[in-house]
1. In the stretch 160-168, is there at least one residue being on the phi > 0 side of the Ramachandran plot and of a type outside the set (Val, Ile, Thr)?
2. Identify the single condition in (1) part of a loop (DSSP other than H, G, I, E, B); (2) at pLDDT below 85; (3) not assigned by the TED database to the domain that holds PRO285 that GLU440 does not satisfy, given that it satisfies every other one.
3. Give the number of residues within the stretch 324-344 that are part of a loop (DSSP other than H, G, I, E, B) and open to solvent by less than 30 Å² (accessible area, probe 1.4 Å).
4. Pick from the stretch 362-383 the residues that are touching a Leu at 6+ places or on another chain (Cβ under 8 Å) and not polar (S, T, N, Q): which of them is nearest to GLY262 (Cα to Cα)?
5. Which residue is nearest to the chain's Cα centre (by Cα), if the candidates are limited to the stretch 95-136 and must be among the small types (Gly, Ala, Ser) and closer than 23 Å to ALA150 by Cβ?
6. Which of the residues that make up the stretch 95-132 are part of a loop (DSSP other than H, G, I, E, B) and open to solvent by 90 Å² or more (accessible area, probe 1.4 Å)?
7. Determine whether ALA252 is at pLDDT below 85 and within 30 Å of PRO350 (Cα to Cα).
8. Confirm whether VAL71 is closer than 18 Å to LEU200 by Cα, touching a residue at least 60 places away in the same chain (Cβ under 8 Å) and out of contact with any Lys or Arg (no Cβ under 9 Å at 6 or more places or on another chain).
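The values are calculated or read from the model by the stated rules, or taken from the named source; none is laboratory data. Fair warning: this is a prediction, and the values are worked out from it, not measured in the lab. Cβ coordinates were reconstructed from backbone atoms using ideal geometry, including for glycine residues, and neighbour counts include every protein chain displayed. What goes into the accessible areas is simple: the full protein's heavy atoms, side chains included, and nothing from ligands, DNA or RNA. Shrake-Rupley method; radii C 1.70, N 1.55, O 1.52, S 1.80 Å.
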Amino acid sequence: MGLLSSFLGILGFGIGICGGLLVGFFLFIYRESDEVKDPVIRPLNELETSALEEIMPEIPMWVKTPDYDRVDWLNKFILQMWPYLNKVGVCSVIRSMAQPIFMQYIGKYHIEAIEFESLSLGTLPPNIYGMKVYETNEKELVMEPAFRWAGNPNIVLTIKLFSRRLTIQLVDLQIFASPRITLKPLVPTFPCFANIVVSLMEKPHVDFGLKILGADIMSIPGVYRFVQETIKKQVANLYLWPHTLEIPILDASTVAVKKPVGILHVKVVRALKLLKMDILGTSDPYVKLSFSGERLPPKRTTIKMKNLNPEWNEKFRLIVKDPQLQALELQVYDWDKVGGHDRLGMQLVPLKLLTPNTTKEFTLDLVKNTNVNDPQNRKRRGQLVVELTYVPFRTDSINIHENGDGYESMENGNARTSDEGAFGGAGVLLVTIQGAEDVEGEHHSNPYALILFRGEKRKTKMMKKTHDPTWNEEFQFMLEEPPLQEKIHIEVLSKRAGIHLRSKESLGYIDINLSDVLHNGRINNKYHLIDSKNGKIHVELSWKMA
């Protein structure tokens, strides 16, 4: 044995001496050469396949894929913030997410308790080597970072089994993943998004060691591959797209934007024994209708001259957004030709008193105000009779039986449209003007949007001195029948403040076929403006059918 060791030692020493002399010889020749050539740089497309395979894994995503952005600044940010995120941020999230998962196994397989003995993600943060950002028409921000994490975490899990404690330690963790992270919806409340939604676009690569009671069980033949495949399958079942992990950031009640859910049909029938407000002992009553706390202008009946017991039998429709909280406010006024109108009385009807799709008649005792302790409310002010019907919007999707061109065939071979039966009934057309891009006038750029539909005009607020205005304003059109063969006209205008010869200027317009909205239920697109060089307008339209 000693002879063999001596032989190998002498052989290694000889090889080392020869290698050193050989390297020294080549260095001497290089230094003594009269002409030193610059290194040859070759483009990637001239390299052989074998050479490309050797270097491609080291090239970051922002080089290999042009639509990935380089985010070195983000890696520097994570490096500085990692010690603090590790202590109070990421670890607390992991503990809260793992707790309900652990609880599912308590009582099974004789498991009495599962808890983290220690949880630290170490000193090495993940490295993001490329990020892709998507632009959508929705109120959201979509990102796809590609990251690698070869960390040194200290994760020790303790399982109490058969009244004994089993310690499991995770070591040498490596993760390669490309998640899709969506911040939505974007809201005007810090941090400007309500939820973080995460999903994986492909199965992640996870590599780690596992020690139980100090022994590395991953070295057991077959265990390593089984554990890796099981983890990939479990993670894919939970978070592989379209499955998502949603992390709430803001309270839903503070950021929720209420959308219309139905229509309130109001029939103002009559009033009885109203107060006498005129000199001749009569009144000229009319009724205002609105939801309490709503800023929209109220609807109103006609005026009944010189009548203390008027009959209207007039019908109105109001859009309902929250039937559990909203209340219909009815105010009876005495019309005066000069000066303000005197209020004869008012009353509130909470919508939660109504049964959907059922008409209910109310005979309301009018009061001065909503303060129940006001002694003036004891005075008799007459009564108001109304009929109310709450009709919720249909929640089922509209399916049109098409044969490719929007028609369905009849037995005799003639074609007829299927729209009338599918879309019959009243509904609400919601038009949201989100914003515009690259709108520019010849004389000024103070843009606002004007909507023309069925003779009605609605317009957004004016944004001063901008080519990319953001309005985010919603307009509602209540219709007796669906607008199958109609268009809506939307125009971007610019208005100069003050009196000028050219105070108003058109920056472009669009006409949208509403049949497309009815077939799809909702459309959210950016449209190129006609008579505009590069201008676009972002419009969202939806049809809610009762």
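1. yes
2. Condition not satisfied by GLU440: (2).
3. Of all residues in the stretch 324-344, those part of a loop (DSSP other than H, G, I, E, B) come to 324-326, 335-341.
The next check asks that each one be open to solvent by less than 30 Å² (accessible area, probe 1.4 Å); those that pass are none.
Final tally of qualifying residues: 0.
4. Filtering the stretch 362-383 for residues touching a Leu at 6+ places or on another chain (Cβ under 8 Å) gives 362-364, 366, 370, 381-383.
From the residues that got through so far, the ones that are not polar (S, T, N, Q) too are 362, 364, 366, 381-382.
Details: PHE362: 20, LEU364: 24, LEU366: 27, ARG381: 32, GLY382: 31 Å.
Checked the stretch 362-383; the qualifying residue nearest to GLY262 (Cα to Cα) is PHE362.
5. Step one: list which residues in the stretch 95-136 are among the small types (Gly, Ala, Ser), which gives 96, 98, 107, 113, 118, 120, 122, 130.
This time we only want the ones that are closer than 23 Å to ALA150 by Cβ, so: 98, 118, 120, 122, 130.
On the way: ALA98: 26, SER118: 36, SER120: 33, GLY122: 34, GLY130: 24 Å.
The residue in question is GLY130.
6. At the first step, the residues of the stretch 95-132 found to be part of a loop (DSSP other than H, G, I, E, B) are 104-110, 121-126.
Passing the criteria: GLN104, TYR105, LYS108, TYR109, HIS110, THR123.
7. Spelling it out, ALA252 is indeed at pLDDT below 85 and within 30 Å of PRO350 (Cα to Cα).
8. Numbers: closer than 18 Å to LEU200 by Cα: no; touching a residue at least 60 places away in the same chain (Cβ under 8 Å): yes; out of contact with any Lys or Arg (no Cβ under 9 Å at 6 or more places or on another chain): yes.
Criteria not met by VAL71.
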